[in-house]
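Asker: If you scroll down you'll find the structure; I have some questions about it.
The values are calculated or read from the model by the stated rules, or taken from the named source; none is laboratory data. On a predicted model such as this, the values are computed, not experimentally measured, just so you know. Quick note on the areas: whole protein, heavy atoms, side chains included, nothing else; ligands and nucleic acids left out. Shrake-Rupley method; radii C 1.70, N 1.55, O 1.52, S 1.80 Å.
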Amino acid sequence: DPARSEIFRRLAAAEERHATRWSKLLETHGAQVPSYTPGWRILLLGWLSRRFGTQHLLPVVTGLESRDQDVYRGQVEAEGLPAEERSHMRALRAMQGRGKDGSESILDLEAWHRASYGSSLRAAVFGANDGLISNFSLVMGIAGANVEPRFVLLAGVAGLLAGASSMAAGEYVSVSSQRELYEQQIAVERQELEMAPEEEKEELSLIYQAKGIPAAQAEELAERILANPETAVETLAREELGLDPSALGSPWIAAGSSFVAFTAGAAIPVLPYFLMSGSAAFFASAAVCGVALFAVGAMISVFTGRSLLFSGFRILIIGALAAGFPAPAIAQAAP
């Protein structure tokens, strides 16, 4: 897509200007300019973009731009940079909402500040994290009761199937209910537009005026939007209700992705018991889960922007505490 490529090139050029600005500032004050090599997060994001497309990574990059804006705020030397970062976020958010025909509306540009958690990669990482921690806790709790390995394996498989099914069912019900509610609200908005178009036009004009658009321009903009019924309904849903009709989501896709992600994480504590027995399986499961927990934490740091070590050890400690908690209770309850 030449248009998207050009936007990315312009954003990259702006970031190069920022780097040059800081380099000159360091040189002016006699400080050494450090050599730059891309960190693991940048390399991973680049690989994921090439592998899966930039659309899936835009929410993550937008979040990083937001973090840069916060870092710059209050620095005298960074005068003008926060505004540029906000402009970058607007461009990235506009590309997230770009239609198939390449068009983008004022609503796409206005939605830059809304948090977006729809990234499939983010959902997969967090879903796997849920499955890993919950089944790791179950397996370690059962193993702590000194039962035969086959019972630990049975409990792990049962926990995997029960947890994945529960997650999928819960996600399906949640997304279905939310979608039905949104569709009902949009239908009401469509009915109000048919029954009282002038009142809806006045409401939309007032919304734009509240955003700083002059009254005459706001009224003209509202009239143009309401001239197209479908565009009018979508605009009213976004502006009055805060809904995005194009992002209601599929309950089946949500359920399926939750099932797969949870299963992938929950299978890790169980695998050693298919290959080993006794204490060897126990220690192998604990070791594999420890590595997996740290890896999941490191992946989460891609989305949060925190340190790899901090995120990795945080998830590792949380998983260890969760795994150790049920063991004493199960051991006391065991015959």
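Asker: For the stretch 22-52 and the stretch 159-188, compute the distance between their C-alpha centroids and round to whole Å.
Answerer: Distance between centres, Cα-based: 42 Å.
Asker: Could you tell me the accessible area of residue 154 in Å² (1.4 Å probe, neighbours in place), rounded to the nearest ten?
Answerer: Probe radius 1.4 Å; accessible area of residue 154 about 110 Å².
Asker: If the chain between residue 75 and residue 23 were fully stretched, how many nm would it gain, using 0.36 nm times the residue separation less the Cα-Cα distance?
Answerer: The residue 75-residue 23 span can extend by a further 17.1 nm.
Asker: For residue 73, what accessible surface area do you get with a 1.4 Å probe? Give it in Å², rounded to 10.
Answerer: Per-residue accessible area (residue 73): approximately 130 Å².
Asker: Show 64, 81, 181 ordered by accessible area, largest first, where the area counts protein heavy atoms only and the probe is 1.4 Å.
Answerer: Output order, biggest surface exposure first: 181, 64, 81.
Asker: A follow-up question, please. Can you tell me how much longer the chain between residue 224 and residue 307 gets when fully stretched, taken as 0.36 nm per residue apart minus their C-alpha distance, in nm with one decimal?
Answerer: 25.1 nm
Asker: Can you sort 182, 273 by 1.4 Å-probe accessible area, starting with the largest?
Answerer: Result, largest first: 182, 273.
Asker: What does the C-alpha gyration tensor say about the overall shape of the stretch 1-73? Classify as rounded when a/c is under 1.5, otherwise prolate if a/b is larger than b/c, or oblate.
Answerer: prolate
Asker: While we're looking at this one, here's another question. By its C-alpha gyration tensor, with a ≥ b ≥ c as the square roots of the eigenvalues, how is the stretch 33-81 shaped: rounded for a/c under 1.5, else prolate for a/b larger than b/c, else oblate?
Answerer: oblate
Asker: Just reorder 299, 89 by solvent-accessible area, largest first, 1.4 Å probe, all chains present.
Answerer: 299, 89
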